[in-house]
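Taking it in order: structure first as structure tokens, then the write-up.
The values are calculated or read from the model by the stated rules, or taken from the named source; none is laboratory data. Since we're looking at a predicted model, the values are computed, not measured. Here the Cβ positions follow ideal geometry from the backbone for every residue, glycine too, while neighbour counts run over all protein chains shown.
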Amino acid sequence: MCPSRTCSGTDQGREKFEYERTTAIGDNEDQATDFAIRIIGFLGLASVVLSLWSATVRPAGTRLSFDTGITPLIAVELARSKADLEQFFGEPGSANRKLMAGRSPLPGLNFVTSWMIFLFGLLQLMPKLRPRMREARFWIFLLLFFTSYYESHSLRRMAEAANASSVTDAMFATIRETCLTKWTALFADTMLCSLIFYRTPMLLQAGGAILWVSSALGLVATTFPNYQWLAGPAVLGLFAGVCGITVLFLLRPELFYADTHG
């Protein structure tokens, strides 16, 4: 048997070693988590830049306004009558028809796909940092799929109408249905994703609240025709929210830890 002093020194050394090893592992995990959050911050930054760039895809002479936000074509997509759509298109071969016929779903040329980059990034943080959102992750992914599908579908149908000599009732009904479905799915998906900021520090909570409220306004716009004018401001609110969240993800990633075990 070893002398008591020797055993005591050995035990203290072992405890010190275990403490230092645990601390080192914890520090490495924190650094890896910080890195992951900053990566999502860069995705958010990319979404911001691409969303701004997508706002340049608009009819000549059209200025950005509070009603259209950063989506100047949203009023066309949510046109309430065939006459409104035809009025925008103008005569066959017009600049507006060429614009709608040549729209691309690529990020930077389209707000919806640019925004989906940010939502997909938030989805990647949930398994490790928000395990309680396991069921929500399924619905978020499903809504992302539907948003992508209906975005592609709406662009094709809009291009067909723009290339046609006249807009038929069937064309208009299909365009309106697909566009309403697309925007509804996008707003609903963003509302679900905003729950990731629940129980975080106030700064991040504020960003999440902006996303949630803006999404709610967007859903009101797509559900009630009389409030359809809220769609543009709702998208503008989403953009403002993601700008703030992106800055915090890049500069203060540790703020996101508050709900790690939620």
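The table below gives the values:
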read-out	value
Sole exception among (1) assigned to a helix (DSSP H, G or I); (2) in contact (Cβ under 8 Å) with a residue 24 or more places away in the chain; (3) more than 22 Å from the chain's Cα centre (by Cα) for Val167, by number	(1)
Pair list, Cβ < 7 Å and 6+ apart or interchain, from the range 105-124 residues that are within 13 Å of Ser152 (Cα to Cα) to residues that are of a type in the set (D, E, K, R) and surrounded by 21 or more Cβ atoms within 10 Å (Cβ to Cβ)	Pro105/Glu151; Val112/Glu151; Val112/Lys182; Thr113/Glu151
Members of the range 76-102 found to be touching a helix residue (DSSP H, G or I) at 6+ places or on another chain (Cβ under 7 Å) and charged (D, E, K, R), listed by number	Glu77, Arg80, Lys82, Arg97
Filter pass, Ile74 being under 14 Å from the mean Cα position of the chain (by Cα) and either surrounded by 16 or more Cβ atoms within 10 Å (Cβ to Cβ) or modelled with pLDDT of 90 or more (or both)	no
Number of the condition not met by Ser214 [criteria: (1) out of contact with any Gly (no Cβ under 7 Å at 6 or more places or on another chain); (2) polar (S, T, N, Q); (3) at pLDDT 95 or above]	(1)
So Pro201, is it out of contact with any helix residue (DSSP H, G or I) (no Cβ under 9 Å at 6 or more places or on another chain), touching a residue at least 24 places away in the same chain (Cβ under 8 Å) and either farther than 16 Å from Phe249 by Cβ or not polar (S, T, N, Q) (or both)	no
Yes/no for Leu123 being buried (at least 18 other Cβ atoms within 10 Å of the Cβ) and under 28 Å from the mean Cα position of the chain (by Cα)	yes
Selected residue (only one of Ala216, Ala209, Ala188 is surrounded by fewer than 16 Cβ atoms within 10 Å (Cβ to Cβ), under 20 Å from the mean Cα position of the chain (by Cα) and of a type outside the set (S, T, N, Q))	Ala209
Test: residue in the range 160-176 that is among the aromatic types (Phe, Trp, Tyr) and in contact with a Gly (Cβ under 8 Å, 6 or more places away or on another chain)	no
Conditions (1) surrounded by fewer than 18 Cβ atoms within 10 Å (Cβ to Cβ); (2) at pLDDT below 90; (3) closer than 27 Å to Asn163 by Cα: number failed by Glu135	(3)
